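The next block holds one structure in the form of C-alpha cells; read it before the comments.
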Amino acid sequence: MFGQIALGFDFGRLRIGVAVGDAITGAARPLCVLSTRQQRPDWDAIARLIAEWRPDLLVIGAPRHADETANAVTEAALRFSRQLQGRFHLPVATIDERLSSWEAGQRSSKPGRRRANASALDAQAAAVILESWFNHRRSLAPCAMPNS
C-alpha cells in the first residue's frame, strides 16, 4: 500500500500539469504547470516539487485510444513515468487519462468560475488524473462484510 500524499502528472510535450492529492480523502487539487525544455521535462522543477511535498507516490496519466491501443503520447508518458521512478526512486503508477482534459474543462466552466486558460487546464487535468487513480484504487479494495 502507499502513503497519504501523491503527486499527479498530466504529461505533455510542451507542458506538464501537476497536482497534489491525499489518498485518505481521495481529493486532489491543481498545483502548477511546468514548461518543458526542448520537449524534455524540467527535472530540476520536478525535484523541487518532490522535495517540497515529499510524496509517497507519483501518478502519471497515459492516454490511450478508445480501443485501448497506445499512441505516441502514451509511449512518451510511459517513458516519463520510468524516468521519474529511476530518478526519484518513488513508487510510480499510471492510469488511462483520455478524458482528463475534457473533465478539467468541464470543472473550470461551472457557473461562477472564471474560464481557465489552456495552461491552467493542464494542472486541473492532473488533479482529475490523481482523483481517478484514488477512485480506481478504492474500487479494488475488498468490500467489508457486515457481521451476521
- Measuring from label point to label point, each 7 Å out along Cα→Cβ, what is the ARG48 to HIS65 span in nm? 4.0 nm
- Query: Peptides 66-76, 81-91, 5-15: what's the order by average Cβ count within 10 Å, highest mean first?
  - Reply: 5-15, 81-91, 66-76
- Mean shadow area (nm²) of the C-alpha convex hull around region 1-49 is 3.7 nm²
- Cut-off 15 Å between beta-carbons: net charge of the residues surrounding GLN83, Lys and Arg +1, Asp and Glu -1: +3
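Rule-based calculations on the coordinates, nothing more; no lab input. From a predicted model like this one, the values you see are computed outputs, not experimental measurements. Here the Cβ is made from the backbone with ideal geometry for all residues, glycine too, and neighbour counts use every protein chain on show.
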